[in-house]
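What follows is a short report on a single structure.
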Amino acid sequence: MRIVILGTGAGGGLPQWNCGCPNCEAAREGRIPSMSQSGIAVSSNGRDWALVNVSPDLRVQLATNPVLRPAGLRGSPIRSVLVTNGDIDHVAGLLTLREGQPFDLFATPAIHGVLGANPMLSVLNPRLVSRREVVLDQDFELVAGVTARLFAVPGKVPLYLEGETVETGQMGEQTVGVELDANGRRICYIPGCASVPDWLRDRISGANALLFDGTLWTDDEMIRAGLGQKTGRRMGHVPVSGADGSIAALDGVPVAQRIFVHLNNSNPLVDPASPERARAEAAGWQIGHDGMEIRP
Ligand code: MLT
Ligand code: MN
Ligand code: ZN
């Protein structure tokens, strides 16, 4: 199985257009790597690819990743797209895929409901783009040789559907993780997750690779940095550090390779020279970067 991390950033990317925080400034000045927004590509044979989450940066991600270039005058090795929630950073790239190319679009019925309610997405010609509803916890063929399974993880509805009160630990079809099986290998991709319950540890256990929500280092880092009013948990993202953070919660769970993805620009992990990065690496984690390829 081959996995290419197309984008390692959370919504907004790094640098974020309206952010002058030290990380965004460092990225603008080329002192730390920039990150485009969240998504991966997966293949078992290197010819047929699926995209899992398609960000607003998809056009550039496709232009700069050689495995995803067309083989002929018109065409694409992209056979399917799967989205794990309805967040803008995971679905806006669908608008980039509107140039008359057939593919399957997989999502849970609830996420398809959200996508179906958006008239702009009717630009995806239904004769070419089949919207395929996926039942949780059932195997389906995502792309030749790759079996996928969606499972609910604690999360919330997309930002643009939040009402007066928001349940952030909701378990259902709105936020899912994905297990990908190919060539006898299993990887778990969970870019958004509000907490790490015991059953999730069990589910991940034994995977050949885990790509996990690395949005924030500490729950209140955006508030303390003066960048926003919300905690990570309020945004549906468990922090990385701390007694109930993901490093501690996943410590001791056997996984061959563990990688943080979906990093917010406020996260000190985005700076390769930060002490936090050294701590995460000492705990056995890698920090994803755009274009990183994994062959679990
Ligand atoms: C998130 O992951 O919390 C969302 O992508 C935020 C957003 O919609 O910008
Ligand atoms: Mn996001
Ligand atoms: Zn910033």
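Data overview
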{"quantity": "Only one of Val134, Val143, Val114 that is surrounded by 15 or more Cβ atoms within 10 Å (Cβ to Cβ), of a type in the set (A, V, I, L, M), within 21 Å of the chain's Cα centre (by Cα) and within 23 Å of Gln61 (Cα to Cα)", "calculated": "Val143"}
{"quantity": "Tally, over the range 81-107, of residues that are among the β-branched types (Val, Ile, Thr) and within 15 Å of ligand 1 (Cβ to nearest atom)", "calculated": "4"}
{"quantity": "From the options Arg224, Arg279, Arg233, Arg203, residue that is away from ligand 2 (no atom under 16 Å from the Cβ), in contact (Cβ under 8 Å) with a residue 40 or more places away in the chain and of a type in the set (D, E, K, R)", "calculated": "Arg203"}
{"quantity": "Yes/no for Ile247 being without any contact (Cβ under 8 Å) to a residue 40 or more places away in the chain, touching a helix residue (DSSP H, G or I) at 6+ places or on another chain (Cβ under 7 Å) and more than 15 Å from Ala10 (Cα to Cα)", "calculated": "yes"}
{"quantity": "Matching option when the condition is at pLDDT below 95 and surrounded by fewer than 24 Cβ atoms within 10 Å (Cβ to Cβ), among Ala26, Ala63, Ala71", "calculated": "Ala71"}
{"quantity": "Selected residue (criterion: nearest to ligand 3 (Cβ to nearest atom)) from residues of the range 2-57 that are over 17 Å from Gly214 (Cβ atoms) and of a type in the set (Gly, Ala, Ser)", "calculated": "Gly20"}
{"quantity": "Subset of the range 259-282 (residues that are part of a loop (DSSP other than H, G, I, E, B) and either within 16 Å of Ser195 (Cα to Cα) or hydroxyl-bearing (Ser, Thr, Tyr) (or both))", "calculated": "His262, Ser266, Ser274"}
{"quantity": "Unique match (being modelled with pLDDT of 95 or more and part of a loop (DSSP other than H, G, I, E, B)) among Ala249, Ala256", "calculated": "Ala256"}
{"quantity": "Which listed residue is touching an Asp or Glu at 6+ places or on another chain (Cβ under 7 Å) and assigned to a loop (DSSP other than H, G, I, E, B), from Gly163, Gly172, Gly192", "calculated": "Gly192"}
{"quantity": "Single residue of Asp213, Asp181 found to be within 13 Å of ligand 1 (Cβ to nearest atom) and not aliphatic (A, V, I, L, M)", "calculated": "Asp213"}
{"quantity": "Search result, residues across the range 137-160 that are over 23 Å from Arg2 (Cβ atoms), part of a strand (DSSP E or B) and free of Cβ contacts under 8 Å to residues at least 60 places away in the same chain", "calculated": "Ala152"}
{"quantity": "Helices (runs of 4 or more DSSP H) completely within the range 19-136 that count 2 or more residues being under 17 Å from Thr8 (Cβ atoms)", "calculated": "22-28, 58-64, 88-91"}
{"quantity": "Selection from the range 150-172 of residues that are surrounded by fewer than 21 Cβ atoms within 10 Å (Cβ to Cβ) and charged (D, E, K, R)", "calculated": "Glu162, Glu164, Glu167"}
{"quantity": "Residue that is surrounded by the most Cβ atoms within 10 Å (Cβ to Cβ), among those in the range 91-105 that are out of contact with any helix residue (DSSP H, G or I) (no Cβ under 9 Å at 6 or more places or on another chain) and in contact (Cβ under 8 Å) with a residue 24 or more places away in the chain", "calculated": "Asp104"}
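The values are calculated or read from the model by the stated rules, or taken from the named source; none is laboratory data. Since this is a predicted model, take the numbers as computed values, not measurements. Virtual Cβ from ideal backbone geometry, glycine too; neighbours counted across all protein chains shown.
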